[in-house]
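So the structure is just underneath, and the comments pick up after that.
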Amino acid sequence: MTTTASKQRIPASIGDIAKRVFLGKPLITENLRSEKLSNPVALGALSPDAISSTAYGPEQILIELLPHAGLAAFALLLPITGVILLILVLVAASYAQVVMAYTRAGGSYIVARENFGPRVAQVAAAALLIDYVVTVAVQSAAGTVAVVSAIPVLGPYSLAITVGVVLFICYANLRGLREAGIQFALATYAFVIMIALMIVVGVIREIFGDLPVYDPHQMPGTVPVQQGSGLVMGATILTLLRAFANGGSSLTGVEAISNTVDVFRKPQGLNARRVLIAMASILGFLLAGVAYLAHVTHAMPYVAQYPSMLSEVARAVFGTGVTGNIMYVLVQASTAAILFTGANTSFNGFPALASFVAEDRFLPRQLMKRGYRLVFSNGIIALTALSVALLVVTGGSVNALVPFYAIGVFTGFSMAGYGMTKHHLTQREPGWRRRLAINLSAGILSTVVVGIFAVAKFTEGAWLVVVVFPVLVFGLIRLNQEYRAEAAILEMFRTDRPELVKYARHKVFVLVNSVDLAVIEALRYGRGLRADELIAVHFMVDAAHAAQLRKRWDHFELDTPLRVVDCPDRRITRAAQLLVAKARDEQPHTNVTVLLPRRTYAPLLGRLLHDRTADKISRAISLIPDAAATIVPYDVESRIKEAYPDGFEHRLARELDKVEAWVSQDDQEVEAYEHPVRPPSVITVAGLIPGQRATVEGRVNEVEDISKGRRTLREVIVGDNSGEVTVTFRPGHGGADIQPGQLLRITGKARQRGKRPMSMIDPAYHVLEEPTETREETGETG
C-alpha cells in the first residue's frame, strides 16, 4: 500500500495574501475550459468598443466640418456616414470569413502570419497593439465626457475620473474573463436599448414635425461655425478627408471578435461569425440613426467637449419634462457605462494577441504566462500602464486622441483582407472567387483609408503614429533576432555538449561576512559537493570586523580554512570576480563554485535586514566561464520560533499564520484536481495488493523518460485521493501518448519492493480525459 507524500507547508508570501484578498481564490488550469462565453454574453462583452463609437463618431465628423463648411456640415454628415457604413459592410464581411477560417484567437495577426510569415505579420501585430492602447484611452475619455455632460460640476476632474476607470477595468479583468463578461454585457445591452429607443422616438417626432432644432447662434461654447456658404468657402477636399478620417473612428472595434475567437463556445467559428454579424448590424443601425438625428436637430459639439453631441440629441428627442429628464439620464448613464466598458475590448484582445506574438518570439515570454485567475495578467498590466501614460500626455482629451486612432485599426483591416486573399488563392475552396473579391476589396479600401488618415491628420497628431509604427515593427523584429540567436546557441549544444568537458579540479568558495546559521549551513552544503578544495572567503572592508570574524571562526572551531582578502575599494562584486578568475587561471580545467549564504526571514523583515549583494555577486560570477554561483538560503525565522515561541513578534507571526492558512485553503482545490476521488467501478491506489491484478483511476502528475543502457523507459506517476502508483512502460509497450494532466485508467499487476511505492509494469491503460491545454489547442486550431 502507498501513501501520498507528506505535505510540506510553504508560507504564503505577501503577494499571495494580497492576490487572495483583491482577486479572490486562484483558479487551477482545469477551470480554463469553463471560461467560455455564450453568444449573448459574448456580443455584449466583446462589442462595446465598436457599438459605443456611435457616441463620438458622428460628433468627430462635425468637429472637423463646422469650422470650414458652416451649417452645410449637417448636409455633408449623412453622405460621409454612408461611406463609413459601406466600409463597415465590407470589413464585417471580410472578418466573417476570418473567424471561420482561423478559429484560433489572434485575428488579422494570425491571418497575416499564416499567409505571409511571422516577420510580415509584425505589421499587423504593431497595428493592433497600438490600436488596443489608444482604444482604452479613447473609450474611457469619451465615457468621462458622457458623465460630465450630465454632471458638469465634475468637468475639472475629468482626467482623474478617466484614469480611475481604466484602473478599475484592469482590476475587473485581473479577476477573470467570465466575471467581467457578464457585467460588461449588461452595459452594452442597456446602451443599445436606450439609443435605439431614442432613434425611434426621434424619427417619429421628426415625421410629425415635433422635433426641435438647435440654433448654433444661441449656444455659447460650441465649436466655431463658418459663416456663409460653407460648401463654396470652406469645404475643401482636405476638410472632407479630415472629416472622413475622424468618422473612421466609428469602425474601431469591429476586429475585436476575430481577436478573441477562443472565448466562444464550440463551434467557435460559427458562433463568432453570428456575433460579428449581429454586432455590425447593431453598429450600422445606431450609427445611421444618430447621424440622422444630429442632421435634423443641428446638435452642436462644444469646445470643452461637454455636453456631448449625443447628449444634445437626447435632450432634443426626449425634452425637458419629468419623463424626458429620466430618459436623458438613462441615455447618459448607459452611454458612460458602455464607453467605459468599451475599453474592456482591448483588455480581452491585447493580452491574447501579445501572448501569440510572444509565442512567436517577437515579444517577451512573460506575456505568455497565465496569472492568478487564468488571464494573461502581464499583458493586462502592460496595457493599463501604456493607456494611462497616453491619457496623462494628452490630458484625457478625445479630440487629441482621435488622430492616433484609426491608422492602427485600418492597417489591421488591410492585413486581414490581404491575408484572406492569399488564403483563398492557396486553398481555392468552393465559392473562393466571391470571397476573394470581398476580402481584396476590404483590404484595398482599408489601405486607402490608412493613407487618407496619415495625410489628412498628419499635422494633428497622426505623425506620431506614423513614426512609432515602423519603430515598433523594427523593435519586434529586433527582439526576435535575440531569441533566434539564443536558439542558435542552444542548437550548437547538439554537437558541442558542455557536459562532456571533464574538469580536472573542483574548487568551492564560501563567501562569509559573519559567523551565523546560514554560513554553517553553506559550509555543510559545500562539504557535500566533495570538492577538491573548500575555502571560506571574507572580503575585508573593515580590519576590526575581519579580526573579530577570525576570532569567532576559531571560537566555533570551524575546520574549513578562512581566507581574508583585502578589498580596499569596497567593491565586493569586483573582488569576487577577481578571486574566481584567479582560481580558474591558476590551474587549467578547474571548475569554480561560489556559495553565497543567505539568511531568510519573513518577507517584510527580510527586506529590512538584507540587501541584494548576493544577487549582484551571483550575476557577476555567472559571466566567468567554468564558474557558477549558488545562493544557499537558510530559514532562520522557523528556528527562532522554535526557540522563543512567546515573543511578541512571534505572537504576531502566529496571527499572520492564520491569514496564511486562509490563503492556503485554496490548495485543497489543487489537491482535489491532482488526486481525484475514485469512481465506484475501480479500487483506490491504497487498496492495491502486490501480486494481484487490479484497475485504478487517477490523474497523471509526472512523466519522465529514463535511460537504462540502450533502452528508454517511460515512468508515469498516477494518483487518486488515497495515494500514488508508479507505472513503468518498456519500449514497445505503449505509454508514448501519456502526458501530465490526463485522467488515466490503468489495469495491471501491482508490485512492491521493500518500502518503495507501489508500481506497475506495462499495464493496459485508457485515457479518460485530456489535459486542459491540449483541449484548448484542439479547439483553437479547429
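The values are calculated or read from the model by the stated rules, or taken from the named source; none is laboratory data. Just so it is clear, the model here is predicted, and its values are computed rather than measured. Cβ placement follows ideal geometry from the backbone for every residue including glycine, while neighbour counts extend to all protein chains displayed. With ligands, DNA and RNA removed, areas are computed over all heavy atoms of the protein, side chains included. Shrake-Rupley method; radii C 1.70, N 1.55, O 1.52, S 1.80 Å.
Taking the conditions (1) farther than 26 Å from residue 79 by Cβ; (2) open to solvent by 10 Å² or more (accessible area, probe 1.4 Å) in turn, residue 298 satisfies each one other than (1). Across the range 614-637, the number of residues qualifying as at pLDDT 75 or above and either part of a helix (DSSP H, G or I) or more than 22 Å from residue 515 (Cβ to Cβ) (or both) comes to 15. Taken over the range 383-421, residues that are without any contact (Cβ under 8 Å) to a residue 40 or more places away in the chain and either on the phi > 0 side of the Ramachandran plot or out of contact with any helix residue (DSSP H, G or I) (no Cβ under 7 Å at 6 or more places or on another chain) (or both) amount to 3.
So that you can scan it fast, the table gives a plain yes or no per residue for (1) open to solvent by 70 Å² or more (accessible area, probe 1.4 Å); (2) in contact with a Phe, Trp or Tyr (Cβ under 6 Å, 6 or more places away or on another chain); (3) assigned to a helix (DSSP H, G or I); (4) more than 21 Å from residue 303 (Cβ to Cβ):
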{"position": "165", "(1), (2), (3), (4)": "no, yes, yes, yes"}
{"position": "189", "(1), (2), (3), (4)": "yes, no, yes, yes"}
{"position": "195", "(1), (2), (3), (4)": "no, no, yes, yes"}
{"position": "202", "(1), (2), (3), (4)": "no, no, yes, yes"}
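Of all residues in the range 62-76, none satisfies being farther than 30 Å from residue 367 by Cα and in a loop (DSSP other than H, G, I, E, B).
Screening the candidates 441, 446, 414 for the property of being more than 26 Å from the chain's Cα centre (by Cα), at pLDDT 85 or above, within 26 Å of residue 237 (Cβ to Cβ) and buried (at least 20 other Cβ atoms within 10 Å of the Cβ) yields one hit, 446. Checked against the criterion of being in a loop (DSSP other than H, G, I, E, B), open to solvent by 80 Å² or more (accessible area, probe 1.4 Å) and either modelled with pLDDT under 85 or under 17 Å from residue 633 (Cβ atoms) (or both), the candidates 611, 569, 585 yield just one match: 611. Remark: residue 77 falls outside the filter, which requires a residue to be under 30 Å from residue 484 (Cα atoms) and either touching a residue at least 12 places away in the same chain (Cβ under 8 Å) or open to solvent by 10 Å² or more (accessible area, probe 1.4 Å) (or both).
Within the range 449-470, take every residue that is in contact with a Pro (Cβ under 9 Å, 6 or more places away or on another chain) and open to solvent by less than 80 Å² (accessible area, probe 1.4 Å) and give me the one that is farthest from residue 397 (Cα to Cα). The residue in question is 453. As a summary of the residue check, residue 184 satisfies the conditions (1) aromatic (Phe, Trp, Tyr); (2) open to solvent by 40 Å² or more (accessible area, probe 1.4 Å); (3) touching a helix residue (DSSP H, G or I) at 6+ places or on another chain (Cβ under 7 Å) except for the one numbered (2).
Test of understanding: among 361, 370, which residue is part of a loop (DSSP other than H, G, I, E, B) and either buried (at least 24 other Cβ atoms within 10 Å of the Cβ) or at pLDDT 80 or above (or both)? Criteria check complete, one pass: 361. For the range 116-150, the candidate set comprises residues that are of a type in the set (Val, Ile, Thr) and open to solvent by 10 Å² or more (accessible area, probe 1.4 Å); within that set, the residue that is nearest to residue 408 (Cα to Cα) is 130.
One line per residue, one yes/no per condition, for (1) touching a Ser or Thr at 6+ places or on another chain (Cβ under 8 Å); (2) farther than 27 Å from residue 43 by Cα:
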| site | (1), (2) |
| --- | --- |
| 343 | yes, no |
| 361 | no, yes |
| 379 | yes, no |
| 383 | yes, no |
| 391 | yes, yes |
| 394 | no, yes |
| 401 | yes, no |
| 432 | no, yes |
| 445 | no, no |
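Counting only helices (runs of 4 or more DSSP H) that sit completely within the range 229-304, those holding 3 or more residues that are small (Gly, Ala, Ser) correspond to 237-247, 268-297.
Filter the range 308-326 for residues that are open to solvent by 30 Å² or more (accessible area, probe 1.4 Å) and in contact (Cβ under 8 Å) with a residue 40 or more places away in the chain and give the result. Of everything in the range 308-326, just one residue is open to solvent by 30 Å² or more (accessible area, probe 1.4 Å) and in contact (Cβ under 8 Å) with a residue 40 or more places away in the chain, namely 318.
May I ask you to verify whether residue 723 is surrounded by 16 or more Cβ atoms within 10 Å (Cβ to Cβ), over 33 Å from the mean Cα position of the chain (by Cα) and at positive phi? So residue 723 fits the description; yes.
Yes/no per residue for (1) open to solvent by less than 60 Å² (accessible area, probe 1.4 Å); (2) at pLDDT below 85:
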{"position": "419", "(1), (2)": "yes, no"}
{"position": "425", "(1), (2)": "no, no"}
{"position": "472", "(1), (2)": "yes, no"}
{"position": "480", "(1), (2)": "yes, no"}
{"position": "487", "(1), (2)": "yes, yes"}
{"position": "493", "(1), (2)": "no, yes"}
{"position": "497", "(1), (2)": "no, yes"}
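Here is a check on your reading of the model: is residue 91 surrounded by 19 or more Cβ atoms within 10 Å (Cβ to Cβ) and at pLDDT below 90? Taking the combined requirement at face value, the residue does not satisfy it. For the range 726-769, the strands (runs of 3 or more DSSP E) that sit wholly inside it and include 3 or more residues that are buried (at least 16 other Cβ atoms within 10 Å of the Cβ) are 743-749.
Residues being touching a residue at least 12 places away in the same chain (Cβ under 8 Å) and either in contact with a Leu (Cβ under 9 Å, 6 or more places away or on another chain) or farther than 30 Å from residue 400 by Cβ (or both): count how many of those fall in the range 422-443.
The total comes to 11.
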